[in-house]
Amino acid sequence: MALFPFLITKLPRTSLSQKYRNHERIHFRQQLELLLIGFYLLYALEFLMNYLKLDDWTAAYRNISFEREAFTHESNLKYLKNRKCFAQWRHVGRD
Ligand SMILES: [Zn+2]
């Protein structure tokens with residue numbers, strides 16, 4: 001879990017995969033763009049709206065635009081070098 005500037009996990013730092021670290025770095029970038037509080041408010045709001053629509057906890061989480069972007073690009077370790085600002089909203093409404 002990324003809570004800028006901290007990465008919170010039960011696993012030892014050395015066991016974290018590059019893919020996992022990249023996923024969380026994408027969240028750090030999203031958080032900075034939205035000045036932290038905006039990220040958390042929108043994240044929670046999107047989750048709630050998705051949950052009301054989908055009635056499934058996991059689907060609601062996976063359909064949050066911030067998560068869509070992070071899951072889509074977590075394997076591309078160079079993604080953040082070319083990422084455009086607010087790119088998470090390119091992932092809204094897809095399924
Ligand atoms: Zn995530």
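Any read-out appearing in this document is the output of simple, stated calculations on the displayed coordinates, not a laboratory observation. Everything numeric here is computed off the predicted structure, so don't read it as measured data. Cβ atoms come from the backbone with ideal geometry, glycine included; neighbour counts cover every protein chain shown.
Total residues in the range 2-18 satisfying the condition of being surrounded by 13 or more Cβ atoms within 10 Å (Cβ to Cβ) and not hydrophobic (A, V, I, L, M, F, W, C): the figure is 1.
Taking the range 12-47 as the range and being aliphatic (A, V, I, L, M), part of a helix (DSSP H, G or I) and farther than 17 Å from Arg90 by Cβ as the test, the residues that pass are Leu32, Ile37, Leu41, Ala44, Leu45.
Set side by side, the residues Phe86, Phe66, Phe71, Phe39 differ, and just one is surrounded by fewer than 18 Cβ atoms within 10 Å (Cβ to Cβ) and within 12 Å of the ligand (Cβ to nearest atom), which is Phe71. Taking (1) within 14 Å of Gln88 (Cα to Cα); (2) within 12 Å of the ligand (Cβ to nearest atom) in turn, Leu3 satisfies each apart from (1). Residues of the range 6-36 that are more than 16 Å from the ligand (Cβ to nearest atom) and on the phi > 0 side of the Ramachandran plot: Leu35 alone.
Residue count for the range 74-83 under the criterion of being in a helix (DSSP H, G or I) and exposed (fewer than 11 other Cβ atoms within 10 Å of the Cβ): the result is 2.
Residues of the range 48-63 that are of a type in the set (S, T, N, Q), assigned to a helix (DSSP H, G or I) and either touching a strand residue (DSSP E or B) at 6+ places or on another chain (Cβ under 9 Å) or crowded, with 17+ Cβ neighbours inside 10 Å (or both): Asn50 alone. Annotation note: of Phe86, Phe39, the sole residue that is in contact (Cβ under 8 Å) with a residue 12 or more places away in the chain, within 17 Å of Met1 (Cα to Cα) and of a type outside the set (Val, Ile, Thr) is Phe39.
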